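The values are calculated or read from the model by the stated rules, or taken from the named source; none is laboratory data. What you see is a predicted model, and the numbers here were worked out from it, not measured in a lab. In this analysis, Cβ positions are derived from the backbone assuming ideal geometry, glycine residues included, and neighbour counts consider all displayed protein chains.
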Amino acid sequence: MADGGPRMTIPTQLVLRALLEDPTRELYGVEIGTAAGLPSGTIHPILARLEGLRWLESRWEDIDPRAEGRPARRYYRLTATGVESARAALARAYRPSPVARMRPATEPT
Amino acid sequence: MTPPPGSLCCRTVELAVRVLPAEHRQRYGLEFIAELYGMPKAQQRRHSARVLTSAWALRAALSEAAPGVNGKRAVRTIHKPLTCRLNLHHRWRWLSTEDGDRFERCQKCGKDRSEKVGGSPEAGQGMGGISSF
């Protein structure tokens, strides 16, 4: 969090990658969990943190609950700054494994 | 028509939401209940159980994201170096008040130095300073 971004834990990275697949698409919690490959019900802390940083914005689904037979869902989407910041943070978060870093570079013969 | 979630799942979600800061309870209560619609019963139970177990993490995330004064994030703790806490060593700097009076303040902990006339400062050197606590 040195630069004001979120802690780039593996679940946070998975959520950001899932959202970055189509940054314009709105998804609700369960869909994000499924896309990220995380168990449903565990991603809301991550979403809340990203929303607090203004990387995400959310809104209630615009439906008639009686006609749909279910209440409105809360949909999330990356903001414009969120897209940039998420891409940069994911690029920074990528580190080659220690073994790969220690391996000497092979020169073409 | 999507079948509504079971009462056990709704109660689990209610319990999870109680942990959250008051201003967020309604929003997350509605959000979690809405997510249960359309799920098979077994998945509803798993989902609501996970919502409950991650409620404290959500509370922490919401508290972390809460803006403080002037829209900036609230500073949770004021860091005071150990040497300042024990009154063993301060980093004094001369400053001026609005009406021109001069005083010394520790740059690290913000403590003001009250200097005795003609004497040494009351605190800041040696273990004797601890008695002022």
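Numerical summary
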read-out: Residues within the range B:10-26 that are in contact with a Lys or Arg (Cβ under 9 Å, 6 or more places away or on another chain), more than 9 Å from every other protein chain (Cβ to nearest Cβ) and not polar (S, T, N, Q), tallied; value: 6
read-out: Test result for A:Arg7, of a type in the set (D, E, K, R), within 14 Å of chain B (Cβ to nearest Cβ) and within 22 Å of B:Ser48 (Cα to Cα); value: no
read-out: Restricting the range A:10-51 to residues that are within 11 Å of another protein chain (Cβ to nearest Cβ) and not in a helix (DSSP H, G or I), the residue that is nearest to A:Asp62 (Cα to Cα); value: A:Tyr28
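Yes or no, residue by residue, for (1) within 14 Å of another protein chain (Cβ to nearest Cβ); (2) modelled with pLDDT of 90 or more; (3) farther than 29 Å from A:Leu50 by Cβ:
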| position | (1), (2), (3) |
| --- | --- |
| B:Pro3 | yes, no, yes |
| B:Leu8 | no, yes, yes |
| B:Tyr28 | yes, yes, no |
| B:Glu35 | yes, yes, no |
| B:Arg46 | yes, yes, no |
| B:Arg76 | yes, no, no |
| B:Cys84 | no, no, yes |
| B:Ser96 | no, no, yes |
